[in-house]
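Here, each number is a calculation from the coordinates, and none is a lab measurement. Since this is a predicted model, take the numbers as computed values, not measurements. Note that each Cβ is placed from the backbone with ideal geometry, even for glycine, and that neighbours are counted across all protein chains shown.
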Amino acid sequence: MADPKGFLTHDRELPARRPVDVRISDWHEVYEDFSAEKLTKQASRCMDCGIPFCHNGCPLGNLIPEWNDLVHRTDWREAIERLHATNNFPEFTGRLCPAPCEAACVLGINADPVAIKRVEVEIIDRAFAEGWVTPRPPAARTGKRVAVVGSGPAGLAAAQQLTRAGHDVVVFERADRVGGLLRYGIPEFKMEKRHIERRLAQMRAEGTEFRTGVEVGVDITAAELRERFDAVVLSGGATQWRDLPVPGRELKGVYQAMEYLPLSNKVQEGDYAVSPVSAEGKHVVVIGGGDTGADCIGTAIRQGAASVTQLEIMPVPPRERPAGQPWPTFPILFKMESAHEELADRGGERVYAVSTTEFVGDADGNVRALRLVEVEGPQAGFKPIPGTEREIPAELVTLSMGFLGPEKGALLTDLAEVAGGDDFFDRRGNVARDKTYMSKVDGVFVAGDMGRGQSLIVWAIAEGRAAASGVDRYLSGETALPYPILPTARPLV
Ligand SMILES: Cc1cc2nc3c(=O)[nH]c(=O)nc-3n(C[C@H](O)[C@H](O)[C@H](O)COP(=O)(O)OP(=O)(O)OC[C@H]3O[C@@H](n4cnc5c(N)ncnc54)[C@H](O)[C@@H]3O)c2cc1C
Ligand code: SF4
């Protein structure tokens, strides 16, 4: 503990967001730079607790007090070593994680928690800038071949760990670019895609091979894959979206968030000059009050929407921890993400406790309005409140109401058949796995959203690392790869 009084002398401080007017006129990340001097003060707030709850809050078991101390002492080189020891991609989590570690920080019991996520991202950004993130190819090759299906954070983490363990790893991705939801779900203003590119350069130099535009189950069957590879990691995500089957759903202009957001990301990649589904000049309604909804808001505003309204069926969440969600659990609170700030600035609204009853179309089959009704809370089964029906303008609607698990396409149905029954899937419809992350099919492992359902990047990386450890032991009889998920760790979010 470098500064025993750090938490008494310094308040929590985060970098400012760029002014709304400025940031919505481009697609760059929203935060201003943060000086090294300010950051070391933030790191010095860490109390180096005897029982650091932040560790347990983090699914990766990040060694948070250690790197806080190293940053305070400006030993950045050692700090990145400690950070990389548990996390392959801190540049993703440092920007995108909701930070269950901060919710669990002991300082958070009666004061503002340590700015752990900011310290994390500054360590990795500096490491890249200084040229310290170099390829780490294995000293020896095993001659074993591993196929990884899907290139989101789970697949990338598994692939990097297995390549470094000496196996020949091929990552198959059906999209035209590598990255999963990091690439085509998360907008540029939350994480610029250059961060993926520089990490992929490291992975390629280490020997990981990527094959894009290949849908496993269609372009190459599950049987062929098992024949050609000694082990397989399934990390295809939970891409089956929840729909809203109300009258008018078929109208033009009603899209799933994951039909809308990737097109915008493709504009940033240079594939289109303008998104084929643009919000420009339109009244936009975003259905779903979560993070995906926030991404739709920020995207629609940058595209020049005439108005944006967000609808949520749940009541407004509390602003402070309610008694039922005590420290160190991850609380569900009212959030003011950058996109919400932009929405408020543009005069848009977040409307809670409402349910959509119908989409209304014009003579050409385009959506022009949305009918909604106020509802009672979840305990009352979201019962409509009579007399509260109303219509709002809606020329573009995005549905961001969550995901139901992995798609049951050719890949998973073929493997389920090999497994000889429905128990290939768990009760929630995700791919079932044992403690080593192996599915019911010998040599076929599963990591990330495909096994745990819709979740978080930090969990995907943790599971990719854990599954890699299982694969390595399966192929080699033993493993030096860490198995980062502690037996006591439970999903907090
Ligand atoms: C819009 C949006 C925003 C989000 N924002 C955040 C955030 O800010 N922070 C956070 O922590 N989490 C966020 N999440 C959740 C997070 O992105 C996911 O939990 C995480 O990406 C899951 O990683 P994964 O590797 O398991 O799967 P994914 O990232 O979903 O990657 C799966 C990949 O597998 C590919 N694939 C699927 N089937 C096949 C096949 N048969 N053959 C070949 N390839 C296949 C898919 O094309 C995809 O590229 C967000 C999710 C969405 C939808
Ligand atoms: S719980 Fe908070 S104060 Fe304690 S070691 Fe972790 S980051 Fe530091």
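Quick notes on this structure:
- Each Lys or Arg adds one and each Asp or Glu takes one away; over the other residues whose Cβ falls under 15 Å from the Cβ of Lys41, this sums to -1.
- Rounded to whole Å, the principal axis extents of the Cα atoms in the chain read 68, 62, 46, largest first.
- Measuring nothing but how far apart in sequence close Cα pairs (under 8 Å, 6+ apart) lie, relative to its length, the range 312-365 scores a relative contact order of 50 percent.
- Calculated P(r) tail over 11 Å for the range 173-215, as whole % of Cα pairs: 68
- Spin-label model distance (nm) - Glu259 vs Cys49, 7 Å beyond Cα toward Cβ: 4.6
- Its alpha carbons considered, the range 253-401 gives a radius of gyration followed by a Dmax of 16.4, 54 Å.
- Cα-derived Rg to Rh of the range 338-493, Kirkwood definition: 1.14
- Per-residue extension of 0.36 nm, minus the Cα-Cα distance of Ala16 and Arg319, leaves a gain of 107.0 nm for this segment.
- Debye intensity ratio I(q)/I(0), log10, the range 30-145, q values 0.11, 0.12, 0.19 Å⁻¹ (C-alpha model): -0.37, -0.43, -0.97
- If you take all other residues with their beta carbon under 14 Å from the beta carbon of Pro52, and give Lys and Arg +1 and Asp and Glu -1, the sum is -2.
- Note on the range 132-274: with charges restricted to the Cβ of Lys and Arg (+1) and Asp and Glu (-1), its dipole about the Cα centre is near 460 debye.
- Only Lys, Arg (+1) and Asp, Glu (-1) charged, at Cβ; the chain dipole about Cα centre in debye: 720
- Here the relative contact order of the range 253-401, from alpha carbon pairs under 8 Å that lie six or more residues apart, stands at 30 percent.
- Label-point separation, Ile332 to Glu227 (7 Å along Cα→Cβ), nm: 4.8
- The range 217-278 versus the range 150-196: alpha-carbon centroid distance in Å: 15
- Relative contact order, percent, the chain [alpha-carbon distance under 8 Å, six or more residues apart]: 17
- Pair-distance distribution of the range 1-90: all C-alpha pairs, bin width 5 Å, starting at 0; shares per bin in whole percent are 3, 13, 18, 19, 19, 13, 9, 5, 1, 0.
- Ratio of Rg to Rh for the range 51-116: 0.95 [Cα atoms; Kirkwood radius as inverse mean 1/r over pairs].
- The range 310-322 - phi-based ³J(HN,Hα) in whole Hz, Karplus 6.51/-1.76/1.60, Gly and Pro as x: 10, 10, 9, 6, 7, x, 4, x, x, 8, 10, 4, x
- Antiparallel DSSP beta bridges within the chain, as percent of all bridges there, nearest 5: 35
- Charge tally for Ile385 (other residues, Cβ to Cβ under 11 Å; Lys, Arg +1; Asp, Glu -1): -2.
- Placing unit charges on the Cβ atoms of the charged side chains and taking the dipole of the range 253-401 about its Cα centre, the candidate lying farthest along the positive direction among Pro317, Ala306, Thr356 is Pro317.
- Antiparallel %, DSSP beta bridges [both residues in the range 253-401], to 5: 45
- Tensor-based shape of the range 60-209 (alpha-carbon gyration tensor, a/c under 1.5 rounded, otherwise prolate or oblate): prolate
- Dimensions of the range 142-211 based on its C-alpha atoms, expressed as ranges along the principal axes with the largest first, amount to 41, 21, 16 Å.
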